[in-house]
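Peer 1: After the structure tokens below, expect a handful of questions from me.
None of the figures in this text is laboratory data; all of them are computed from the coordinates on show. In this text the structure is predicted, and so the values were computed from the model without any measurement. Cβ coordinates were reconstructed from backbone atoms using ideal geometry, including for glycine residues, and neighbour counts include every protein chain displayed.
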């Protein structure tokens, strides 16, 4: 049978980090009586007396799908359950072998537990921090103010040395077509399109390239080669156009994520201010 989740154990490692801190601890949990007012949900499987809960199974599947809305077939459900059973068997043997005392293993378990608990606290905090309309509009105005207002359409020829670039400039001044030279000599992937880079904003480009483009008028070519970490560029500006900001409702989901992220960052910053932190690295 083709394996549905080829890297599922790695992807879901954090899911079972707390529950898998030790098979012994889980065995003790299984033997403890359930609370009288909360009947226990039947486990999806029991491995040598140790239950695998429905919650563990559901969270494992959720993490495997990584947010995708997908209904598993019965074959896929069986496969997931078999993976959980295999992990429980291996975890129990590892516990008997004392691997939880291995420094690397112990450190990984500590990190996984820390990650799960940090995520849980983040989610708990954000439940009470639902962005208001004022928050979202303020974020929208900030984003609009900082966005590039102009898009550029340019071509370029990229070569490895300044000497090569100088020779190409001479050919251009002699009447050679930019597109033909790009196809013949450029080492950039755009060479097949005659060096055409399409429309872009300057923030997408490395600074020397962006500065050179900004200084050109429509139809002009850089008078000197422009050096970046990629090599030497000869740039020709085709056209410019003004960017229309997207309407508020269209980007509201992105604005919500941005506000939530900032609220969480502020929360963590406040925690750091009141914490005693002694860095040794």
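Peer 1: Of the labelled options (i) 1.05; (ii) 1.16; (iii) 0.96, which one gives Rg/Rh (Cα atoms, Kirkwood Rh) as computed for this structure?
Peer 2: Computed from these coordinates, Rg/Rh (Cα atoms, Kirkwood Rh) corresponds to label (ii).
Peer 1: Oh, and also: Tell me the relative contact order for segment 131-225 as a rounded percent, counting alpha carbon contacts under 8 Å between residues six or more apart.
Peer 2: 32 percent
Peer 1: Then there's this: Using Stokes-Einstein with the Kirkwood hydrodynamic radius over Cα pairs, what translational diffusion coefficient do you get for segment 208-281 at 4 °C and a viscosity of 1.567 mPa s, in µm²/s rounded to a whole number?
Peer 2: For these conditions, the coefficient is 74 µm²/s.
Peer 1: Any idea how far apart residue 171 and residue 115 come out in nm if each label point goes 7 Å out from Cα toward Cβ?
Peer 2: In this crude label model, residue 171 to residue 115 measures out at 5.1 nm.
Peer 1: Same structure again: Treat the count of other C-beta atoms within 10 Å as a stand-in for reagent exposure and order 271, 90, 136, 237 from fewest to most.
Peer 2: Exposure proxy ranking, most exposed first: 271, 90, 136, 237.
Peer 1: Let me ask something else. Can you give the extra length, in nm with one decimal, that the chain gains between residue 143 and residue 242 once fully stretched, where that is 0.36 nm per residue apart less the Cα-Cα distance?
Peer 2: So the extension gain works out to 34.0 nm.
Peer 1: Relative to the first principal axis of the alpha-carbon coordinates of the chain, what is the inclination of helix 252-274, with its axis defined by its Cα atoms, in degrees from 0 to 90 and to the nearest 10?
Peer 2: 70 degrees
Peer 1: Also: Relative contact order of the chain: what whole-number percent is it, with Cα pairs under 8 angstrom and at least 6 residues apart?
Peer 2: Over the chain, the number comes to 18 percent.
Peer 1: To continue, here is another question. Got a sec? How would 255, 112, 89 order by Cβ neighbour count within 10 Å, fewest to most?
Peer 2: The fewest-first ordering by Cβ neighbours comes to 89, 112, 255.
Peer 1: Return 54, 155, 241 ranked ascending by Cβ neighbour count within 10 Å, so the fewest neighbours appear first.
Peer 2: Ordered from fewest to most neighbouring Cβ atoms within 10 Å, 54, 155, 241 come out as 241, 54, 155.
Peer 1: Follow-up question, since we're still on this one. Relative to the present Cα-Cα distance, how much length would full extension add between residue 271 and residue 76 at 0.36 nm per residue of separation?
Peer 2: Between residue 271 and residue 76, full extension yields an extra 65.9 nm.
Peer 1: Now, a different point. How far apart, in nm, are two points set 7 Å out from the Cα along the Cα-to-Cβ line at residue 122 and at residue 179?
Peer 2: Label at residue 122, label at residue 179, 4.8 nm between them.
Peer 1: For the Cα atoms of the chain, what angle does the longest principal axis make with the long axis of helix 162-173, in degrees from 0 to 90, nearest 10?
Peer 2: Taking Cα atoms only, the helix is inclined about 50 degrees.
Peer 1: Okay, moving on. At residue 129 and residue 161, where each label point lies 7 Å from the Cα along Cα→Cβ, what is the point-to-point distance in nanometres?
Peer 2: 5.5 nm
Peer 1: Can you tell me the 0 to 90 degree angle between the C-alpha axis of helix 103-127 and the longest principal axis of the chain, rounded to 10?
Peer 2: 80 degrees
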